[in-house]
Structures are given as structure tokens and as C-alpha cells.
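Engineer: Quick one: this structure, given as C-alpha cells, is what I'll be asking you about.
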Amino acid sequence: MSVFCGHKTPRAIASVTGAAETVDCLPAMNEARTAAGLAAFEKATDELQSLPQSSPPGRNITAETLWNEICEEMAGTQSDRTEAEKLKGTFAYYEGENDCKAAVQYWKDGFSLFNNEIPPKYQAPNNPKVYDNRAASFVALYNPKENPVASCAFVTCTTAESVAAPSMSKRHSGRASRRLQEKPTTAVVCLTNPAALTANAAPFKHRLACIEPKTHGQPSISVAFSIWHMLRCS
């Protein structure tokens, strides 16, 4: 049904662009990791393990292109991921305000997706189905690899929608393109290394069934990870 009587509903054309600023989420992330008996993240220094705010000359990663690609993926539009594919590691993603504590809590709560069981063998995004963005973010936060490092940024994505509409003037036979609105979306994005998710491997090695202590009828996440790493189950 057309909104404007007598005219076809114009087709929206979305242009997605992104920009980011570096943020320090390591204190909030390391508080969760320390409670779980894991080593604290150090700040990533390798270019291919870091989320850039800008691109000084000589860099392999072009920040503007990278954030445009990430924002396009967040918006569900086509992205070539040429710059994103250069990065190493596992992403943690939280759509919301620039609030590291809220981001970490959101990632921690991803524990429930695994039904209090050790995460299964990973194949690829959404394979098994449980490995959506939140589940992957949970694993990225609790990255069990040695010498862990992390880099975080706060990204702002702007979607500018324009329409190709029939010209309303008899003097013009073409179509006029005009911008309708801009919709900003923000997110905290972190990249943790070494890669916590690799094909054909489970991210954690020990069974959650070994847990004895419980909190409100459920294993506590801190106890769970301490036991996964400190005990060997038969």
C-alpha cells in the first residue's frame, strides 16, 4: 500500500558509514576474568590485533574502510570485509552506549546460551547454531589462550537513507534523490587474541559437569571457569 496517494512507494537506498574512538575496557574485562581464574588481558600492540581509531601513514589497516565494513555488517548490508579480514582474533560486540561495564555484563550473560554446559566444538559463525554474536562475545571475553591481549573501540555507525522519487516538476523528467534521515547506531567492539574460536575445536577443554558448588540452583560462572581450567575431569 502506497503512503503517498497516486505514487509508488520510493525505494530506500542506505549508505552506511562508521567511525570509532579507542576505549579502555580492559579494567572491566579483567575484573570478570580475574573472578574466573583467568589471566588478565594486556593491551594489544600488534597492528593486526588492534582496533584503529585512525590510520597513520604506512599502516596495513585503513581505519575508515574497516569501520565502514563493520558498520555495514552490523546494519545487515553487503560488506566485502577486505580490511576486517586482515585482523586476527575473536570479536566481542555490544550494541549500546559507551559503557564498558554494561558491555562486559552483556557478554557474561551469554553464558546462559550454552545451558550451563561447556561450549561445544566450534565450526563457523552460527555453526553450531548457538554461536551467534553474543555467544562468540562470551568466548572472546573469557578467552582461555595464553598471553591474552585485547583492543577495544566505541563505534558510531550512521545510516543515511535516500529515496529515488519521481520529480514533481513538469520541467524535469528524471528522478530526484533526496536524503530522508540519518540513524546512528553505537556499539562497543573488542578484539581479543590469540583467537579464542578456531574451526573444529571447542574453546574450553574441561567439562562443566565437574562443578559442585551452586548459586541459586545454578553453577556460578566464576566457579565454572575456575574448574574448567584448574581441574581435569575424567
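Engineer: Please list, in order along the stretch 81-87, the HN-Hα scalar couplings obtained from phi with the Karplus expression 6.51 cos²θ - 1.76 cosθ + 1.60 (θ = phi - 60°), rounded to whole Hz, x for Gly and Pro.
Structural biologist: After applying 6.51 cos²θ - 1.76 cosθ + 1.60, I find 6, 5, 7, 4, 5, 6, 6 Hz.
Engineer: Along the stretch 33-47, what does the Karplus equation 6.51 cos²θ - 1.76 cosθ + 1.60 (θ = phi - 60°) give for ³J(HN,Hα), rounded to whole Hz, x for Gly and Pro?
Structural biologist: Once rounded to whole Hz, the list reads 5, 4, 5, 9, x, 9, 5, 6, 5, 9, 6, 5, 10, 5, 4.
Engineer: Measuring from label point to label point, each 7 Å out along Cα→Cβ, what is the Glu64 to Ala39 span in nm?
Structural biologist: Taking the simple label geometry, Glu64 and Ala39 are separated by 3.8 nm.
Engineer: Can you give the local net charge around Ala20? Use residues other than it whose beta-carbon is closer than 13 angstrom to its beta-carbon, Lys and Arg +1, Asp and Glu -1.
Structural biologist: Neighbourhood net charge equals -4.
Engineer: Can you list the residues, at least 5 places off or on another chain, whose amide H is less than 5 Å from the amide H of Thr185, using H built in the peptide plane?
Structural biologist: HN-HN under 5 Å from Thr185: Cys157, Thr158, Thr159.
Engineer: Also, I was wondering about something else. Mind checking the full-extension length gain between Thr17 and Thr186? Use 0.36 nm per residue of separation minus the Cα-Cα distance, one decimal, nm.
Structural biologist: Contour length minus Cα-Cα distance gives 59.7 nm.
Engineer: Moving to a separate point now. Quick check: residue separation of Glu161 and Lys86 times 0.36 nm, minus the Cα distance between them. What number comes out in nm?
Structural biologist: Additional length available on full extension: 24.1 nm.
Engineer: Need one number: nm distance between label points at Gln105 and Gln123, each 7 Å from Cα along Cα→Cβ, rounded to one decimal.
Structural biologist: Between Gln105 and Gln123, the label points sit 3.6 nm apart.
Engineer: For Glu42, list long-range residues whose amide hydrogen, built 1.01 Å from N in the peptide plane, is under 5 Å from its own amide hydrogen.
Structural biologist: The list, which skips near neighbours in sequence, is Val149, Ala150.
Engineer: Local charge sum around Gly96 (other residues, Cβ-Cβ under 14 Å, Lys/Arg +1, Asp/Glu -1)?
Structural biologist: -2
Engineer: Next question, about the same structure. Cys190: net charge of surrounding residues, Cβ under 12 Å, Lys/Arg +1, Asp/Glu -1, itself excluded?
Structural biologist: Around Cys190, the charge tally is 0.
No lab work stands behind these numbers, since they all come straight from the coordinates. Quick caveat: nothing in here was measured; it's all calculated off a predicted structure. Neighbour counts are summed over all protein chains in view; Cβ atoms, including those assigned to glycine, are modelled from backbone coordinates with ideal geometry.
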